[in-house]
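Structure first, commentary second.
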Amino acid sequence: MYNSRIAGLGAYVPENIVTNDDLSKLMDTNDAWIQERTGIKERRHIKKGDGNSTAKMGVKAATIAIERAGLTNKDIEMIVFATLSPDYYFPGCGVQVQHLMEMENIPALDVRNQCSGFVYALATADQFIKTGMYKNVLVIGAENHSGGLDFTTRGRSVSVIFGDGAGAAVLTREEDTTKGILSSHLHSQGEHALQLSLKGPSTEQWVPEIIETNPTEDIPYYPYMNGTFVFKHAVVRFSEVIKEGLAKNNLTADDIDMLIPHQANLRIAQFVQKKFGLTDDQVFNNIQKYGNTTAASIPIALTEAWEKGKVKEGDTLVLAAFGSGFTWASSIIKW
Ligand code: UT7
């Protein structure tokens, strides 16, 4: 048995910055509300014609990650791609990455665990490396939310929160089993699937049915979120899954050098920070600049933290996420 470690990180966000004031021109919202409730100041949105898509942003992030790992595209033996906003209903983005990056005919797996997607993807890649099946696995989290949000007042409680972007990590074999990913903790509770969901078009409701029923209130092709319900579950599950990861490795909160929470809402991150008695230096947040980028949020934040020198060799890192499904997950990493 081996461990896996992150050998390279990369991130990409579209150039187009959308501020809270920009959104207030489209819907009844304002900078003060958005900042107070979520911490978000601005986010990035793909612009039509800027050449970006979920897969293509993933490729941009992956290119940086592979180079930083000191590898080439040919060294990658498997792709795991996490997104809730793939370019196509099918096939998934993984195969597009294989083609766009001119990789060998390696396996490409798509992970559909929304905000927890990156941690699930990382855990999946880790298993393939642990067993010795592969040495280098590319893990990507990318989202194009802006193409599918309701930018009228009706959709304001969801559409102000989400942003576009991508992050990637190259996982590589680590022979020293005291280093790298020490453990992963994954959970789900499908009972609450529809509390944060996008129902159609889907096999339950194809396009003709949507058009026929012409819903005015409950529009199934925009995401729905029961915000306060999700918030309440998020703070509990974040805390639980971090505790679970620490306990598994005989660690306490004092041992955490850096917590990278999924960037769901700054208030959630602050709640968790307080709960574990962590200082500002022990928790990395960048939701202020990018909004909630779902599966991309942890790898973008991790990349930025690493670029700023906030993640150093020997550090104990905790990644934690909660979101649609419900799903939640954590990863304990010795850098
Ligand atoms: O990443 C996956 C996991 N996602 C999360 O963890 C998100 C969890 N939930 C949240 O972050 C918060 O619930 C929100 C940020 C979505 C909403 O914050 P809230 O404090 O729960 O607000 P609320 O939904 O209770 O709405 C409060 C008021 C309502 O007006 P009334 O009924 O009090 O008159 C909303 O209509 O704020 C109104 N509102 C807005 N006002 C201005 C909702 N969205 C907006 C908006 N601008 N964008």
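The values are calculated or read from the model by the stated rules, or taken from the named source; none is laboratory data. Bear in mind that the values here come from a model prediction, so they are computed numbers and not experimental data. Note: ideal-geometry Cβ built from the backbone for every residue, glycine included; neighbour counts use all protein chains shown. In case anyone asks, the SASA skips ligands and DNA or RNA and just uses the protein heavy atoms, side chains included. Shrake-Rupley method; radii C 1.70, N 1.55, O 1.52, S 1.80 Å.
Calculate one ³J(HN,Hα) per residue across segment 291-296 by plugging θ = phi - 60° into the Karplus curve 6.51 cos²θ - 1.76 cosθ + 1.60, and present them in order as whole Hz with x for glycine and proline.
For segment 291-296, the Karplus-derived couplings read x, 8, 9, 6, 5, 8 Hz, x marking Gly and Pro.
Assuming 0.36 nm per residue, please report the length gained on full extension of the stretch residue 154 to residue 213 beyond their Cα-Cα distance.
Going from the current span to full extension adds 19.4 nm.
From the backbone phi of segment 189-203, what are the Karplus-calculated ³J(HN,Hα) couplings (6.51 cos²θ - 1.76 cosθ + 1.60, θ = phi - 60°) in whole Hz, Gly and Pro given as x?
8, x, 3, 9, 3, 7, 6, 8, 7, 10, 7, x, x, 7, 5
Say the dipole of the chain comes from +1 at the beta carbon of Lys and Arg and -1 at that of Asp and Glu; which of 290, 85, 332 then lies farthest toward its positive end?
Value: 332.
Would you mind calculating the relative contact order of the chain from Cα pairs under 8 angstrom and at least 6 residues apart, reporting the percent as a whole number? Provide the component values of the computation, followed by the final result.
On the way: 811 pairs, mean separation 86.9, N = 335.
Computed value for the chain: 26 percent relative contact order.
Rounded, prolate or oblate: pick one for segment 3-177, where a ≥ b ≥ c are the square roots of the eigenvalues of its C-alpha gyration tensor, a/c under 1.5 means rounded, and failing that, prolate if a/b is larger than b/c, else oblate.
Cα axes put segment 3-177 in the prolate bin.
Based on the Cβ-Cβ distance from residue 178 to residue 63, what FRET efficiency comes out when R0 is 41 Å, to the nearest 0.05?
Once rounded, the FRET efficiency stands at 0.85.
Compute the angle between helix 227-248 and the longest alpha-carbon principal axis of the chain, please, reported from 0 to 90 degrees and rounded to the nearest 10.
10
Could you report the chain's accessible area per residue, 1.4 Å probe, as an integer in Å²?
44
Which whole-angstrom value gives the distance between the alpha carbon centres of segment 292-335 and segment 74-89?
Centre-to-centre (Cα) distance: 18 Å.
Could you give the length gained by full extension between residue 90 and residue 249, i.e. 0.36 nm per residue of separation minus their alpha carbon distance, to one decimal place?
Working: separation 159, 0.36 × 159 = 57.24 nm, distance 3.88 nm.
Difference between extended and current length: 53.4 nm.
Of 144, 109, 19, which is farthest towards the positive pole of the chain's charge dipole, taken about the Cα centre with +1 and -1 on the beta-carbons of Lys, Arg and Asp, Glu respectively?
Most positive-ward Cα: 19.
Using the Cα centre as the reference, give the magnitude of the dipole from point charges on the C-beta atoms of segment 203-289 (Lys, Arg: +1; Asp, Glu: -1; all else neutral), rounded to the nearest 20 debye. Can you show the working numbers first?
Numbers: 8 positive and 12 negative charges, 85 e Å.
Using Cβ point charges on Lys, Arg, Asp and Glu, segment 203-289 gives about 400 debye.
How big is the charge dipole of segment 245-335 about its Cα centre, in debye rounded to the nearest 20, if each Lys and Arg gets +1 on its Cβ and each Asp and Glu gets -1 on its Cβ?
For segment 245-335, the charge dipole is close to 280 debye.
Using 7 Å Cα-to-Cβ label points, what is the residue 75/residue 102 separation (nm, one decimal)?
1.8
Relative contact order of segment 3-177: what whole-number percent is it, with Cα pairs under 8 angstrom and at least 6 residues apart?
Computed over segment 3-177, the figure is 35 percent.
If you place +1 on the Cβ of every Lys and Arg, -1 on the Cβ of every Asp and Glu, and leave all else neutral, what size is the dipole of the chain about its Cα centre, to the nearest 20 Debye?
Here the size comes out at about 400 debye.
Roll a 1.4 angstrom probe over the protein heavy atoms and tell me the percent of accessible area of the chain that is carbon or sulfur.
50
Is segment 160-311 rounded, prolate or oblate when judged by the Cα gyration tensor, a ≥ b ≥ c being the square roots of its eigenvalues, rounded requiring a/c under 1.5 and prolate requiring a/b larger than b/c? All intermediate terms of the calculation are to be shown ahead of the outcome.
Numbers: a/c = 2.03, a/b = 1.94, b/c = 1.05.
Prolate, since a/c reaches 1.5 and a/b exceeds b/c.
How high is the relative contact order of segment 181-334, in percent, with contacts defined as C-alpha pairs under 8 Å that are six or more residues apart? Can you show the working numbers first?
Working: 236 pairs, mean separation 58.0, N = 154.
That works out to 38 percent.
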